[in-house]
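> Input: one structure, supplied below.
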Amino acid sequence: MKKILFFTAIVFLWGGQISCVDLDTEPQDFMRMSDFYQTESDIKSALAGVYLPLGTLDLYGSNFAYEAISDDLGYYRSESNNTNIPVLPVNKVYGWNYNSSQPNIKDMWDALYEGIERANKLLEHMHVPDIDESLRNRYRAEALFLRGFYHFMLASYWGDVPLKLLSSQKITKVSIPPTPQKEVFLQCKEDMSWGTMYLDSAKNYNHSGRVTQTTAWGILTRLCLKMAGEPTKMDGMYEQAILYADSVVNSNAHRLEESYDEIFRKLMADEYDTQYRESMFEADFHGNSSTDPGKGRSYSYVGSYTGVRFNPNNDSGLNNTLGYCYGRWRIRPLLWQLYLDAGIDAGSKLPVDKRFFRSISAYTSYNSTTGVPNTVDNTNFTNSKNLTERYANKWRRTEEKNVPRHKNYTSANFPILRYSDVLLMLAEAENEVNGPTNKAHEALNKVRLRAGVPLYDGGATPVGRPIISDPSTFRQVIRDERARELCFEGLRKFDLVRWGIFVSNMRAAGDVDSWGVSGIAAGIKSSMSITASRMTEKYNLFPIPQSEINLNRDMKQNKYW
């Protein structure tokens, strides 16, 4: 892990602001130990620093937003010199062609342990200032939750990792043995559940950047599903997932936004939804290096790397109108097949599912000179150009309000937890415990109703589908619904691994010929198949960074790496 050495000062890296955390202060760059942790303001400043890694390029500004969590719904494709020749990724996480020295792997690892170190240092000094005990407990609950959340991310993606419950006290103590994944998860659960009674209601905030009571319950639901799944398969976790998800639903603090489009428009525009509060927990980003310089890695690539490719001349003025976009992510046939499952509207000839054109671009590019979109026939879903050259398009720079726009950085927020995710987790856990009950159907149908697709209600309006009686069938329905609802939100790989089907699904995604789509250009076919063709069991986990192996003599490399 990244070792934080304390001499006469606490060094807070990434000294950018945490505008959404609403702690009335910013984390300080340098603070002397003798002057720190003396007042409530000091505690709030330190807590802002614990949140800070979430809003960096190392986590939700890039790596956990798309780069390190490739899945079977999309594939990486870059183009050289504005030609149609794909550049195959080398030594990139999203190319499945990397090793333990890959910088992105180290950056994520370091950022997560940075957050843990900050949380531990704060927890060890929480008793110092003379403040109201209710506030002290709230701040402690947030710090514990974040410590648990960072450990949860580490154990989910790396397996057995060092469990750090104390800050780094001695520069000579650098060797810490890994803790089994199961034990890490148990500690995560203890940390994240300790102070839910002290956390504030989401209704008390005008943003989604701070841990609330319902945020904790929602992430605990996610943790319990992981503990119930591969590889730990712990008993009783599905039952506990139901309890946590029920707590979110019964709080009445969150509802589904009426428009699926509006969720992502607000995220792109850096707006907060205080009416529905569907976006329950966000990694917040503010400005870019032109409008808000000097924030180190506290910027976001969301929207500039994902979206419809547009490479205007910077002197054309179009960069501030439409926004530069590299268009690195294209969709795979599985995703459009899942969306077309609900059918085509008889009148418009367009897909019934309202999420289709928010998740998948309606065109293949912008003209780099005029900015006019190059449209395709959106009523023809047998044409290979339609099906293999569309982009992942939830975050759109045309909706970005921060100007002047930067070529790379955006102010788009990234959703760590949405209410629709909680509903689908509730339906999944309920099915695993009690089968496809009315409760499970109700949670599923709430999500499908907004999407405008048939409900599993036996035939109600809109024209429905039969109620599902078989748990195995319902399980697959939930898995498919999570793909439609949550694609490109950093959860698909996590889901596939805990379901034990990551390797098989990735191999199937790479078998382009089996999809029956003819006329795919050779370069595109190569881009789509190369990543999945490399897939083996070792990719269920990331390798332990080589820098950690070199420093921490008690650390062991993951199997196959």
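The values are calculated or read from the model by the stated rules, or taken from the named source; none is laboratory data. Here the structure is a predicted model, which is why all the values come from computation and not from measurement. Here the Cβ positions follow ideal geometry from the backbone for every residue, glycine too, while neighbour counts run over all protein chains shown. To get the accessible areas, we keep the full protein, side chains included, count just its heavy atoms, and leave off ligands, DNA and RNA. Shrake-Rupley method; radii C 1.70, N 1.55, O 1.52, S 1.80 Å.
> Looking at (1) closer than 30 Å to Asn413 by Cβ; (2) at pLDDT below 95, which is the one condition that is false for Met535?
It is condition (1) that Met535 fails.
> May I ask you to list the residues in the range 344-379 that are among the charged types (D, E, K, R), touching a residue at least 24 places away in the same chain (Cβ under 8 Å) and open to solvent by 30 Å² or more (accessible area, probe 1.4 Å)?
Answer for the range 344-379, where residues must be among the charged types (D, E, K, R), touching a residue at least 24 places away in the same chain (Cβ under 8 Å) and open to solvent by 30 Å² or more (accessible area, probe 1.4 Å): Lys349, Lys354.
> Taking Ala521 as meeting all but one of (1) open to solvent by less than 10 Å² (accessible area, probe 1.4 Å); (2) small (Gly, Ala, Ser); (3) out of contact with any helix residue (DSSP H, G or I) (no Cβ under 7 Å at 6 or more places or on another chain), write down the number of the exception.
For Ala521, the failing item is (1).
> Which members of the range 139-162 meet the condition of being open to solvent by 40 Å² or more (accessible area, probe 1.4 Å) and under 22 Å from Ile549 (Cβ atoms)? Steps first, answer last, please.
Our first condition is that a residue be open to solvent by 40 Å² or more (accessible area, probe 1.4 Å); within the range 139-162, this holds for 140, 160.
Result: Asp160, single match.
> Do you know which of the residues in the range 170-183 that are free of Cβ contacts under 8 Å to residues at least 24 places away in the same chain and exposed (fewer than 15 other Cβ atoms within 10 Å of the Cβ) is nearest to Pro543 (Cα to Cα)?
Among them, the one singled out is Pro180.
> Also, quick follow-up: Give the residue, chosen from Glu262, Glu282, that is in contact with a Cys (Cβ under 8 Å, 6 or more places away or on another chain), under 18 Å from Arg396 (Cβ atoms) and outside any loop (DSSP other than H, G, I, E, B).
On inspection, the qualifying residue turns out to be Glu282.
> Hey, among Asn206, Asn250, which residue is at pLDDT below 95, open to solvent by 60 Å² or more (accessible area, probe 1.4 Å), more than 21 Å from the chain's Cα centre (by Cα) and of a type outside the set (D, E, K, R)?
Within the list Asn206, Asn250, the selection yields Asn206.
> Let me ask something else. Determine if the range 473-481 includes at least one residue that is among the β-branched types (Val, Ile, Thr) and more than 27 Å from Ala392 (Cβ to Cβ).
Looking only at the range 473-481, we keep the residues that are among the β-branched types (Val, Ile, Thr), and these are 473, 477-478.
If we keep only those that are more than 27 Å from Ala392 (Cβ to Cβ) too, we end up with 473.
Yes; the residues of the range 473-481 include at least one that is among the β-branched types (Val, Ile, Thr) and more than 27 Å from Ala392 (Cβ to Cβ).
> Same structure again: Does the range 499-511 hold any residues that are open to solvent by 10 Å² or more (accessible area, probe 1.4 Å), in a helix (DSSP H, G or I) and within 16 Å of Thr232 (Cβ to Cβ), and which are they?
Of everything in the range 499-511, just one residue is open to solvent by 10 Å² or more (accessible area, probe 1.4 Å), in a helix (DSSP H, G or I) and within 16 Å of Thr232 (Cβ to Cβ), namely Trp499.
> Looking at this structure, is Leu166 of a type outside the set (D, E, K, R), open to solvent by 70 Å² or more (accessible area, probe 1.4 Å) and either in a helix (DSSP H, G or I) or closer than 15 Å to Tyr113 by Cβ (or both)?
Yes, satisfied.
> Additional query: If I go through the range 125-169 residue by residue, how many of them are among the acidic types (Asp, Glu) and free of Cβ contacts under 8 Å to residues at least 60 places away in the same chain?
Qualifying residue count, the range 125-169: 3.
> While we're looking at this one, here's another question. Could you tell me how many of the residues in the range 430-484 are open to solvent by less than 40 Å² (accessible area, probe 1.4 Å), among the β-branched types (Val, Ile, Thr) and under 23 Å from Asn250 (Cα atoms)?
3
> All but one of (1) of a type in the set (Phe, Trp, Tyr); (2) open to solvent by 20 Å² or more (accessible area, probe 1.4 Å); (3) closer than 19 Å to Asp421 by Cβ; (4) touching a Pro at 6+ places or on another chain (Cβ under 8 Å) hold for Tyr244; state the number of the condition that does not hold.
It fails just one condition, (4).
> If Ala522 satisfies all but one of (1) free of Cβ contacts under 8 Å to residues at least 12 places away in the same chain; (2) under 30 Å from Ser420 (Cα atoms); (3) hydrophobic (A, V, I, L, M, F, W, C), what's the number of the condition it fails?
It is condition (2) that Ala522 fails.
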